[in-house]
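The values are calculated or read from the model by the stated rules, or taken from the named source; none is laboratory data. Bear in mind that the values here come from a model prediction, so they are computed numbers and not experimental data. Cβ placement follows ideal geometry from the backbone for every residue including glycine, while neighbour counts extend to all protein chains displayed.
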Amino acid sequence: MKRLIALLCSLFLTTLSFAAPLASNAKTAIPSAVQQIISVDYRALRNSDSGMALKAKILPDNLKQFENALKDMGIDPDRDVEGLSFVMFRAGTQLRSVGFATGDFQVKKFLAKQKAAKTKAEKYRTAFLYPAGSGMLMTFLDDTTMLFGDAQAVHNALDARDGETPSVTSNADITSLIASVEDGAIWSVLDSIGTQNMLRSAMGDAAKLADYDVVKKRLVGSYYTVDFAHGVSLDLTVATGDPMAAATLSSLLKAGLMLKKMGSSPVEKTAIDATTVDSDSGKLIIHFKADDSRFQSLLSSDLFTAISK
């Protein structure tokens, strides 16, 4: 079942593409209509061969652009950044995104450099917004937290922070999901729509079955954590609030894995054997575990190369 393997890999890809531990005042700058939050601790990656191998293998353009922008501003991503977080949210009919970086940014030194370069900042209410390359703007929420994104998305985030519009703290479903994982170094939460999209991609043709069409209406949201402490492990939980819906999803995914394994390649078999699917009290639970050598073999495979493009 290439799509499930793709899901597992894409979760790693997505996790490492943006991410950062959420600072407390970053939460107040996240608009309420969240579709997904992704958070990664860069320190966890630096201490993991698999984490660094993955980052080197599939470093996406948007992260490259942001890291280059930081360097242009005199900030060393490898030294100064502790984490990156990425938030996708709905603003009317549009899907927008902002990022948060945490670390030692030496704000006074940065501001002095901007003044010396005669860089003109845009003022939005009490915030000063500076160009950050690739059409992005950035501002400091405090001495250790930076907000960045395109102009409109940054304005939306500052509106939430300043109480002009609701923030994620008023979204009970998302805050409940965050509470389940925010102590983890690497984690993500998705709302019901984001979860539907993720499962539809993972299940492929199975998502067209009538059983799934009924079950998808029961999806509340989902969350996952990634741990590099002992090899690589990923735990994905889909909340349905309905034991029957969770059991149906579990059965669909298990059946797909069994069918795929019959004609799979050695690399696919390795990924399938490292994956378990189950349900418990209204939750679908997917667990993936591999040691460093096996995971890095997966990174080197043609399958991963095809998936990551």
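Okay, here's what the table says:
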quantity	calculated
The lone exception for S167 - which of (1) more than 21 Å from the chain's Cα centre (by Cα); (2) modelled with pLDDT of 95 or more it fails	(1)
Enumeration of residues in region 221-264 that are of a type outside the set (S, T, N, Q) and within 18 Å of the chain's Cα centre (by Cα)	G221, Y223, Y224, V226, D227, F228, V232, L234, D235, L236, V238, A239
Test: residue in region 239-260 that is within 20 Å of R294 (Cα to Cα), charged (D, E, K, R) and touching a helix residue (DSSP H, G or I) at 6+ places or on another chain (Cβ under 7 Å)	yes
Hits in region 173-212 (condition: aliphatic (A, V, I, L, M), crowded, with 18+ Cβ neighbours inside 10 Å and at pLDDT 75 or above)	I174, L177, I178, V181, I186, V189, L190, M198, L199
Members of region 139-150 found to be part of a strand (DSSP E or B) and either closer than 20 Å to T165 by Cβ or without any contact (Cβ under 8 Å) to a residue 60 or more places away in the chain (or both), listed by number	T139, F140, L141, T145, M146, L147, F148, G149
Residue match in region 88-102 (condition: modelled with pLDDT under 85, part of a strand (DSSP E or B) and either surrounded by 13 or more Cβ atoms within 10 Å (Cβ to Cβ) or not polar (S, T, N, Q) (or both))	no
Conditions (1) surrounded by fewer than 20 Cβ atoms within 10 Å (Cβ to Cβ); (2) of a type in the set (V, I, T); (3) assigned to a helix (DSSP H, G or I): number failed by V215	(1)
Residue list for region 222-274, restricted to those being in contact with a Ser or Thr (Cβ under 6 Å, 6 or more places away or on another chain), of a type in the set (A, V, I, L, M, F, W, C) and either more than 16 Å from T195 (Cα to Cα) or surrounded by fewer than 17 Cβ atoms within 10 Å (Cβ to Cβ) (or both)	V226, F228, V232, A247, V267
Test: residue in region 109-124 that is under 26 Å from the mean Cα position of the chain (by Cα), farther than 18 Å from E67 by Cβ and modelled with pLDDT of 90 or more	no
Region 219-269, residues that are among the β-branched types (V, I, T), at pLDDT below 85 and not in a helix (DSSP H, G or I)	T225, V226, V232
Residue within region 112-132 that is out of contact with any Ser or Thr (no Cβ under 8 Å at 6 or more places or on another chain), assigned to a strand (DSSP E or B) and polar (S, T, N, Q) present	no
Any hit, region 117-137, residues being surrounded by 17 or more Cβ atoms within 10 Å (Cβ to Cβ), touching a Pro at 6+ places or on another chain (Cβ under 7 Å) and closer than 24 Å to G184 by Cβ	no
Selection from region 215-230 of residues that are among the hydroxyl-bearing types (S, T, Y) and closer than 16 Å to D41 by Cα	Y224, T225
Residue check for S134: of a type in the set (S, T, Y), over 27 Å from F105 (Cβ atoms) and touching a residue at least 12 places away in the same chain (Cβ under 8 Å)	no
Members of region 125-151 that are modelled with pLDDT of 85 or more and among the small types (G, A, S)	A127, G149, A151
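Condition check ((1) of a type in the set (F, W, Y); (2) in contact (Cβ under 8 Å) with a residue 40 or more places away in the chain; (3) in a helix (DSSP H, G or I)) across all residues:
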site: A157; (1), (2), (3): no, yes, yes
site: A179; (1), (2), (3): no, no, yes
site: V189; (1), (2), (3): no, yes, no
site: L199; (1), (2), (3): no, yes, yes
